[in-house]
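Notes to accompany the following structure.
Derivation of every value follows stated rules applied to the coordinates shown; laboratory data play no part. Predicted model, so just to flag it, every value in this text is computed and none were measured. Positions of Cβ are generated from backbone atoms using ideal geometry, with glycine treated the same way; all protein chains shown enter the neighbour counts.
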Amino acid sequence: MNVRALVGVIALVVLGLLLWELRWVLLVLFGAVVLAIALDVVISHLRALAPLNRPAALALAMAILAVVGAGLTSQLLPELVEQARELGRLLPELSHQLESLLSGIPGLAGLDPTRGGEAWWNRLLPMGGELLGMAGGAASSTVQLLLMALLAVLLALDPRSHQRLVLSATPAFYRPRMQLLLGECRQALGGWLAGMTLSALVVFLASWAGLALLKVPLALLCGLVCGLFTFVPTLGPFAATLLAMAVALVVSPAKMVQVLVLRLVLQNTEAFLLTPLLLSRTVNLLPTVALMAQLSLGALLGLPGLLLALPLVVVLQVIGQAVLVRDVMDRWERP
């Protein structure tokens, strides 16, 4: 290895260490880009409907989002708070239902809830505490969220200047290709965000209506969790189904089975019909790729990495398809 190669390897190692130290800054920046693209989708639709410049369209979009958010909050928040309190009151009853259900299983008929059950809960409680601590820490990062929102507004206000900044850092011969690549990433990520938002809304309304028809307690809270967890495919719907089944178990085991059937029908409809239909013109992620990305970034960065795993994979898949496949592999000729 010559001196130039050695210096190059050392520079790559130093750059990798620097990026790892700045991972939270990069995560906030990428989250701001995702929010800016979501705002840009709304801005583009508003500018198509009315002759508005970008600042006016951005102000109108934020006003619409604020009004819609305030209206939904005023309508749903009191009920959600009451149902959250009700969930806390149902937890002891859920514990008794689980103990009686486990005692009815032949292999677990001799289970003593006061001894084995206590040890079982003692093993689960630290895990639950860690998860709640992680979620609470992410939710309490007010400064990071505000910074992300501010960066998103600035990016959405003048995207062309930031695009020129990226292009200026690209070699001159590759700038036309980079401009096309940025457009493809924006289109794919915007389409993915719009499709997943519609999918989550449909799942929320269908789950809420189905659970209410089944007379399951906390139908609104469980439906909202099912809708929000749609943004975390594979892992999210599984966790949301467990919550709905646990609440239904308080009523009866038969009600829990009904909720399981309902969630299986809704989730399979969403996964195999609704989401492919909404994302047919954008990036369609393989379930294995999505799951591995969530597990990897969740292990490295916690809850923020888990939430931003799929948008990052969407961008990386577009870049990989354009650069690795079309620019390298498709042009690789046999010597």
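Residue by residue, region 36-45 carries 3J(HN,Hα) couplings of 5, 5, 4, 5, 5, 4, 5, 4, 4, 5 Hz when phi is fed to the Karplus relation 6.51 cos²θ - 1.76 cosθ + 1.60 (θ = phi - 60°); x denotes Gly or Pro. Once the C-beta distance of LEU80 and SER100 is scaled by a Förster radius of 45 Å, the resulting FRET efficiency is 0.95 to the nearest 0.05.
Simple rule: put +1 on each Lys or Arg Cβ and -1 on each Asp or Glu Cβ in the chain, find the dipole, and look at ALA32, VAL68, GLY227; the Cα lying farthest toward the positive end is ALA32. Between LEU228 and LEU242, full extension at 0.36 nm per residue minus the direct alpha carbon distance yields a gain of 3.6 nm. Scoring 224-233, 18-27 by mean Cβ neighbours within 10 Å over their residues and listing the highest first yields 224-233, 18-27.
Using the Cα gyration tensor of region 1-95, with a ≥ b ≥ c the square roots of its eigenvalues, what is the shape: rounded (a/c below 1.5), prolate (a/b larger than b/c) or oblate (neither)?
Details: a/c = 5.42, a/b = 1.42, b/c = 3.82.
Oblate, since a/c reaches 1.5 and b/c is not below a/b.
Evaluate the charge dipole of region 253-335 about its Cα centre and quote only its size in Debye, nearest 20, assuming +1 on the Cβ of each Lys and Arg and -1 on the Cβ of each Asp and Glu. Can you show the working numbers first?
Values: 6 positive and 4 negative charges, 37 e Å.
Dipole magnitude for region 253-335 comes out near 180 debye.
Which of rounded, prolate or oblate describes region 163-258 when judged by the alpha-carbon gyration tensor and an a/c cut-off of 1.5? Prolate, because a/c is 1.5 or more and a/b exceeds b/c. First check a/c for region 235-274, with a ≥ b ≥ c the square roots of the eigenvalues of its C-alpha gyration tensor; if it is under 1.5, answer rounded, and if not, answer prolate when a/b is larger than b/c or oblate otherwise. Cα axes put region 235-274 in the oblate bin.
With only alpha-carbon atoms in the gyration tensor, what are the semi-axes of the equivalent ellipsoid for the chain, in Å, largest first?
Values: eigenvalues 356, 143, 80 Å².
One finds semi-axes of 42, 27, 20 Å for the chain.
Each peptide in 192-198, 253-259 was scored by the mean count of other Cβ atoms within 10 Å over its residues; highest first, the order is 192-198, 253-259.
Dipole check for the chain: with +1 at the C-beta of Lys and Arg, -1 at the C-beta of Asp and Glu, and the Cα centre as origin, the magnitude is about 960 Debye. Report note on the peptides 303-313, 73-83, 260-270, 235-245: ranked by the mean count of other C-beta atoms within 10 Å, highest first, their order is 303-313, 235-245, 260-270, 73-83.
Note on region 183-335: dipole from Cβ charges, positive end direction compared against ALA293, CYS185, LEU274; the farthest Cα belongs to LEU274.
By the scheme Lys and Arg +1, Asp and Glu -1, what is the net charge of all other residues having a beta-carbon under 13 Å from that of GLU86?
Working: positive: ARG85, ARG89; negative: GLU79, GLU82, GLU93.
Local charge sum for GLU86: -1.
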